[in-house]
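For reference, the structure is listed below as structure tokens.
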Amino acid sequence: MRGPRKSAGFTLFELILFIVITGITATGLIPLYNNVLSNLHVMNEGMQASYLGWEMIETLKSINGYNPPAGFGNLIEANFPPEYGIDVGGQLRFDRFVQIEGMIPGQMPTPCTGQEYNNEAFKCITVSVRKTGTSENLFSYTIYSSDL
């Protein structure tokens, strides 16, 4: 006589139980996954806006006439008009603004967040970037020439 036969593999009941548990777990994870996917565009917009903002800041710093002890004396806002509809690929478009405050030769000093600069060499420069068609800044950074 032969001995008892060894079982190899899983029973049908074990397989059905595995499928049910996996399905219940997946049902709970799908909304979380969808939430992450829906927020990816917000993160992408923020990264693109930050890149455009820092690009302008580096451009401002590299302009001929930038001198760290004297600041941004040669920069005036009229030289940096607003840029609208900057295409970064896909369907994203951004607007970039440069606001330069400080003393312009022949004019009174203009305030910059409560501070007045009495020397034309001292400016505060604010670069802001927003998504085209919105009023909310995704990036805004102010450089104070006295802090450099």
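Of the residues Ala49, Ala26, the single one that is surrounded by 13 or more Cβ atoms within 10 Å (Cβ to Cβ), modelled with pLDDT of 85 or more and not charged (D, E, K, R) is Ala49. Quick one: what pairs do we get from the range 31-49, first residue among the acidic types (Asp, Glu), second surrounded by 12 or more Cβ atoms within 10 Å (Cβ to Cβ), C-beta under 8 Å, 6+ apart or different chains? Every condition considered, the pairs that remain are Glu45/Leu92; Glu45/Lys131; Glu45/Leu138.
Kindly check whether there is at least one residue in the range 105-126 that is at pLDDT 80 or above and of a type outside the set (Gly, Ala, Ser). Yes, some residue in the range 105-126 is at pLDDT 80 or above and of a type outside the set (Gly, Ala, Ser).
Being touching a strand residue (DSSP E or B) at 6+ places or on another chain (Cβ under 7 Å), more than 15 Å from Gln48 (Cβ to Cβ), modelled with pLDDT of 80 or more and not in a loop (DSSP other than H, G, I, E, B) is the filter here; which residues of the range 75-92 pass it? Selection gives Tyr84 alone.
Could we say that Asn64 is surrounded by 10 or more Cβ atoms within 10 Å (Cβ to Cβ), in a loop (DSSP other than H, G, I, E, B) and at pLDDT below 85 here? In short, no.
The values are calculated or read from the model by the stated rules, or taken from the named source; none is laboratory data. Given the structure is predicted, the values throughout are model-derived calculations rather than measurements. We place every Cβ from the backbone using ideal geometry, glycine too, and count neighbours over all the protein chains shown.
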